[in-house]
Amino acid sequence: NLSDQPILAYQPEFEHRYLRRLSIIAELKTALQEQQDELSLFYQPKLDLKTGRVTKVEALIRWNNAILGFVSPDDFISVAEQAGFIGKITDWVINQAIKDAVTLRNAGIEMSIAINLSAKDVMDQSLLPHLSLLMETSQLSSKALSFEMTESDLVQEPVKAIQQLQAFRDRGFEIAIDDFGTGYSSMAYLKHLPVTTLKVDKSFVLSLDSQQGDQKIVQTVIELAHSFGLNVVAEGIESQATLLLLKKWGCEFAQGYYMCKPIPFDDLITWQNTHQLT
Ligand code: C2E
Ligand code: CA
Ligand code: CA
Ligand code: CA
């Protein structure tokens, strides 16, 4: 109620954002309950730089609302986290990804789908049992899905986070630290993290072909990851020059607009038929 909040009400910019946040919450809850066709899952290929093949994709949620129009996940994921219903979104994403994974499996296409998890999901003790049940019902192997989460999600409760991640690893899932390099405390406990992959944040990759500073950072992250026995995915590749540098430095996987933007599931199958290089 804005009349209870005179300070907010007299700052138009602030008020606008406040109201937008409220409508995102209301509309998103409705979408999750009764307008699920507003939501879709797009997929972005990860190119295996050793083989030239694509056997991994990242699932990225899209939301097109009747009133708000297209809303970026950068704008609604954090709102859903703060408003306490990110779990509902994650459930929707997992269900959709499993449906698509079954379609891929039945078509004989080997493709692992990476799902983004939030801090709340990682700490939720019921997520893994729930997920395992869905996987068993669909007779999917643990290779069909993997998970990405940011380091800031993990540092809040590191001991519990490590236990939770270990449970995912024990179940056979690969785990990537997303946006690596943008947090602060990762170095200190990287050695304790039961993860398989580091994802170099796109802020270091977008201008890699021209920025010497970024080149040093990315080369160092790749060496660091390898010294811990981890794979590296670079995201945000927008040029061939960047792709070639990453390949030269031994980066394992590359994701970015230069290869392919996130696309609807049906387009993914077409894309993969025409782009497999071997
Ligand atoms: P992210 O997990 O770091 O995902 C990578 C983002 O970079 C995606 O934005 C992707 O479309 C974009 N991207 C990929 N290649 C390029 C490139 O070459 N250039 C540029 N400029 N951008 C590129 P998107 O899809 O808008 O997602 C934004 C963020 O929203 C994601 O960042 C992730 O944190 C969150 N998100 C998206 N889908 C989900 C989801 O299903 N669950 C959760 N919890 N978060 C999600
Ligand atoms: Ca991600
Ligand atoms: Ca990322
Ligand atoms: Ca991000």
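The values are calculated or read from the model by the stated rules, or taken from the named source; none is laboratory data. What you see is a predicted model; the values in this text were computed from it and never measured. Because the Cβ atoms are built from the backbone with ideal geometry, glycine has one as well, and the counts that use them run over all protein chains shown.
When the criteria are applied in full, Val232 meets the requirement of being within 16 Å of ligand 2 (Cβ to nearest atom), aliphatic (A, V, I, L, M) and in contact with a strand residue (DSSP E or B) (Cβ under 7 Å, 6 or more places away or on another chain). Leu104 satisfies every condition listed in (1) touching a Leu at 6+ places or on another chain (Cβ under 7 Å); (2) of a type outside the set (Val, Ile, Thr); (3) in a helix (DSSP H, G or I); (4) closer than 24 Å to Pro262 by Cα except (1).
In this structure, Glu110 does not satisfy being surrounded by fewer than 18 Cβ atoms within 10 Å (Cβ to Cβ), within 16 Å of ligand 2 (Cβ to nearest atom), charged (D, E, K, R) and in contact (Cβ under 8 Å) with a residue 24 or more places away in the chain. Residues of region 224-255 that are modelled with pLDDT of 95 or more, among the small types (Gly, Ala, Ser) and closer than 12 Å to Lys199 by Cα: Ala234, Gly236, Ala254. Restricted to strands (runs of 3 or more DSSP E) entirely inside region 26-76, those with at least 1 residues that are surrounded by fewer than 20 Cβ atoms within 10 Å (Cβ to Cβ) and in contact (Cβ under 8 Å) with a residue 60 or more places away in the chain are 39-48, 54-65.
Please work out if Ser203 is more than 24 Å from Ile86 (Cα to Cα) and either more than 16 Å from ligand 1 (Cβ to nearest atom) or among the small types (Gly, Ala, Ser) (or both). So that I can check it myself, show each step before the final result.
Values: more than 24 Å from Ile86 (Cα to Cα): yes; either more than 16 Å from ligand 1 (Cβ to nearest atom) or among the small types (Gly, Ala, Ser) (or both): yes.
It is true that Ser203 is more than 24 Å from Ile86 (Cα to Cα) and either more than 16 Å from ligand 1 (Cβ to nearest atom) or among the small types (Gly, Ala, Ser) (or both).
Scan Leu60, Leu49 and give me the residue that is within 18 Å of Ile113 (Cα to Cα) and more than 10 Å from ligand 1 (Cβ to nearest atom). Talk me through it step by step, then tell me what you get.
Working: Leu60 fails: more than 10 Å from ligand 1 (Cβ to nearest atom).
From the options Leu60, Leu49, the qualifying one is Leu49.
Cβ separations smaller than 7 Å between residues 6+ apart or across chains give the following pairs from region 154-177 residues that are away from ligand 3 (no atom under 16 Å from the Cβ) to residues that are of a type in the set (Gly, Ala, Ser) and in a helix (DSSP H, G or I): Gln156/Ala119; Arg171/Ser132; Arg171/Ser142; Gly172/Ser142; Phe173/Ser142.
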